[in-house]
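**Q** Take this structure, written in structure tokens, and hold onto it; I'll ask about it next.
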Amino acid sequence: MESKTKNWVSEIFPEIIKSSLLVYLILLLLLIIAEIVSPGFLSFLHLGNVLRQASFLGIVAIGQTFVILTGGIDLSVASIITLTNVVSAQIMNGSNENLLLALVTVIAIGAVVGLANGSGVCFLKIPPLVMTLGVGSVVQGIALVYSKGAPKGYAAPLIRFISNEKIGGLISGAVILWLILGLLTIVVLKYTTFGRNVYALGTNVIAARYAGVNITGVTLCTYVLAGIMSALTGTLLVGYTGTSFLDAGTTYTMNSIAAVVVGGTSIIGGRGGYGGTIAGAIIMTIIGSLLTIVHIPEAGRQIAQGLIILCLVLIYGREKTRG
């Protein structure tokens, strides 16, 4: 039994690197460039801050990875983050006693929104891009109505500690949480029937159906998971900032898609994995940080991000066609 456990653990970390070697080489190159552009970028303190910011994106990208692997996409993650950010802050209102209620509430919200997305895709046959965009608009409107345009409430001390403070003076709780969730994601995708079904669905939905894959069940689960991961991120962001904002999730839709695609997952589905997404989330965070350091305005950062996504989508799309 002990031998089997050791073998299982020993396969995980090589799998993360082996499946996405190119993206990790790009990450290494980017770190070198960042140190040249901004000396001190590779200091332990600064890298810790980069990882903390990347952890929020990385958690959102867990759900986005599952969805994209099935051949779908979720454009509602930003709105879910914003709504749960507002709701959790108001429920917590600076008290640890309300933290459990806040977590249960936002996870339920994320699951319900994800279920709505998945149901529209499965039962109404609405394309994922259209369905999630529409649901996202509705959720954003609900956030405005709920907050009346003026979000209230504050983070509970415990969630603020998790999002900001370094455990043992080394690494923040948010990064540790990301690491745990990331490893679980890799295990699920590589070693479980559900993970294999996700890949089968993204590779060829007709073949997957004939192979006995529950297409509806797998699709619903991936969108529900995306909603829950977004909700968790919305709550962690309350801890990071101390309060809530109506634009809390603004950047996370495109950045989560970029992290997944940059990490080597085909935008068409069926190929890739979360091992590459981890590096993708860090890369997108570093790019954003570098563009800020060299004083590129917000418009320029958005243009750069869009060009990165567009180029990689074209590359992976051609690879899929050739395959």
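**Q** Tell me the residue from THR65, THR132, THR105, THR82 that is more than 16 Å from the chain's Cα centre (by Cα), assigned to a helix (DSSP H, G or I) and of a type in the set (Ser, Thr, Tyr), please.
**A** Step by step, each of THR65, THR132, THR105, THR82 is checked, and only THR105 is more than 16 Å from the chain's Cα centre (by Cα), assigned to a helix (DSSP H, G or I) and of a type in the set (Ser, Thr, Tyr).
**Q** What tally of residues in region 185-209 results from selecting those that are closer than 16 Å to GLN64 by Cβ and within 20 Å of the chain's Cα centre (by Cα)? Break it down stepwise before answering.
**A** Taking region 185-209 first, the residues closer than 16 Å to GLN64 by Cβ are 185-186, 188-189, 195, 198-199, 201-202.
Filter once more, keeping what is within 20 Å of the chain's Cα centre (by Cα): 185-186, 188-189, 195, 198-199, 202.
Residues flagged as closer than 16 Å to GLN64 by Cβ and within 20 Å of the chain's Cα centre (by Cα) within region 185-209 amount to 8.
**Q** Quick check on my filter: what residues within region 135-158 are of a type in the set (A, V, I, L, M, F, W, C) and more than 19 Å from the chain's Cα centre (by Cα)? Steps first, answer last, please.
**A** At the first step, the residues of region 135-158 found to be of a type in the set (A, V, I, L, M, F, W, C) are 135, 138-139, 142-145, 150, 155-156, 158.
Listed by number, the residues that qualify are VAL138, ILE142, ALA143, LEU144, VAL145, ALA150, ALA155, ALA156, LEU158.
**Q** Sticking with this one: Condition first: at pLDDT below 95, farther than 22 Å from VAL104 by Cβ and in contact with a Phe, Trp or Tyr (Cβ under 9 Å, 6 or more places away or on another chain). Now tell me which residues in region 125-166 satisfy that.
**A** ASN164
Yes/no per residue for (1) farther than 16 Å from THR222 by Cα; (2) at pLDDT 95 or above:
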| residue | (1), (2) |
| --- | --- |
| GLY63 | no, yes |
| ALA78 | yes, yes |
| THR84 | yes, yes |
| VAL87 | yes, yes |
| MET92 | yes, yes |
| SER95 | yes, no |
| THR105 | yes, yes |
| VAL112 | no, yes |
| PHE123 | no, yes |
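**Q** Test of understanding: among ILE142, ILE159, ILE126, which residue is of a type outside the set (Gly, Ala, Ser), in a loop (DSSP other than H, G, I, E, B) and crowded, with 16+ Cβ neighbours inside 10 Å? Reasoning before the result, please.
**A** Details: ILE142 fails: in a loop (DSSP other than H, G, I, E, B); ILE159 fails: in a loop (DSSP other than H, G, I, E, B).
Only one candidate qualifies: ILE126.
**Q** Being at pLDDT below 95 and assigned to a helix (DSSP H, G or I), is that true of even one residue in region 38-45? Even if it seems obvious, please write down each step before you answer.
**A** First pass over region 38-45, keeping only residues at pLDDT below 95: 38-45.
Among the residues that remain, those that are also assigned to a helix (DSSP H, G or I) are: 44-45.
Among the residues of region 38-45, at least one is at pLDDT below 95 and assigned to a helix (DSSP H, G or I), which makes the answer yes.
**Q** Now, a different point. Does at least one position in region 24-35 carry a residue that is among the charged types (D, E, K, R) and under 23 Å from GLY249 (Cα atoms)? Write out each step before concluding.
**A** Narrowing region 24-35 to residues among the charged types (D, E, K, R): 35.
Now restrict to residues that are under 23 Å from GLY249 (Cα atoms): none.
Checking region 24-35: not a single residue is among the charged types (D, E, K, R) and under 23 Å from GLY249 (Cα atoms).
**Q** All but one of (1) among the aliphatic types (A, V, I, L, M); (2) at pLDDT 95 or above; (3) in a helix (DSSP H, G or I); (4) surrounded by 18 or more Cβ atoms within 10 Å (Cβ to Cβ) hold for VAL50; state the number of the condition that does not hold.
**A** If we test VAL50 against (1) among the aliphatic types (A, V, I, L, M); (2) at pLDDT 95 or above; (3) in a helix (DSSP H, G or I); (4) surrounded by 18 or more Cβ atoms within 10 Å (Cβ to Cβ), just (2) comes out false.
**Q** Would you mind listing the helices (runs of 4 or more DSSP H) fully within region 165-262 where at least 2 residues are under 24 Å from LEU75 (Cα atoms)?
**A** Working: elements: 173-191, 193-203, 205-210, 215-241, 252-262.
The qualifying helices (runs of 4 or more DSSP H) are 173-191, 193-203, 215-241, 252-262.
**Q** Just the residues that are small (Gly, Ala, Ser) and modelled with pLDDT of 85 or more, please, taken from region 1-37. Give the derivation first.
**A** First pass over region 1-37, keeping only residues small (Gly, Ala, Ser): 3, 10, 19-20, 34.
ALA34, the sole residue that qualifies.
**Q** Starting from region 275-301, take each residue that is within 14 Å of GLY264 (Cβ to Cβ) and modelled with pLDDT under 85 and list its partners that are not in a helix (DSSP H, G or I) and not small (Gly, Ala, Ser), counting only C-beta distances under 7 angstrom and pairs at least six apart or across chains.
**A** That search, which allows pairs on different chains as well, returns nothing.
**Q** Please indicate, with yes or no, whether at least one residue in region 246-262 is in contact (Cβ under 8 Å) with a residue 24 or more places away in the chain, within 20 Å of ILE180 (Cβ to Cβ), surrounded by 23 or more Cβ atoms within 10 Å (Cβ to Cβ) and out of contact with any Leu (no Cβ under 7 Å at 6 or more places or on another chain).
**A** Yes, some residue in region 246-262 is in contact (Cβ under 8 Å) with a residue 24 or more places away in the chain, within 20 Å of ILE180 (Cβ to Cβ), surrounded by 23 or more Cβ atoms within 10 Å (Cβ to Cβ) and out of contact with any Leu (no Cβ under 7 Å at 6 or more places or on another chain).
**Q** Any idea which of LEU42, LEU100, LEU57 is touching a helix residue (DSSP H, G or I) at 6+ places or on another chain (Cβ under 6 Å), without any contact (Cβ under 8 Å) to a residue 24 or more places away in the chain and over 23 Å from VAL205 (Cβ atoms)?
**A** Working: LEU100 fails: touching a helix residue (DSSP H, G or I) at 6+ places or on another chain (Cβ under 6 Å); LEU57 fails: without any contact (Cβ under 8 Å) to a residue 24 or more places away in the chain.
Checking each option against the conditions leaves just LEU42.
The values are calculated or read from the model by the stated rules, or taken from the named source; none is laboratory data. This one's a predicted model, so the numbers in the text were calculated from it and none came from an experiment. Please note: Cβ atoms are built from the backbone with ideal geometry, for glycine as well, and neighbour counts cover all protein chains shown.
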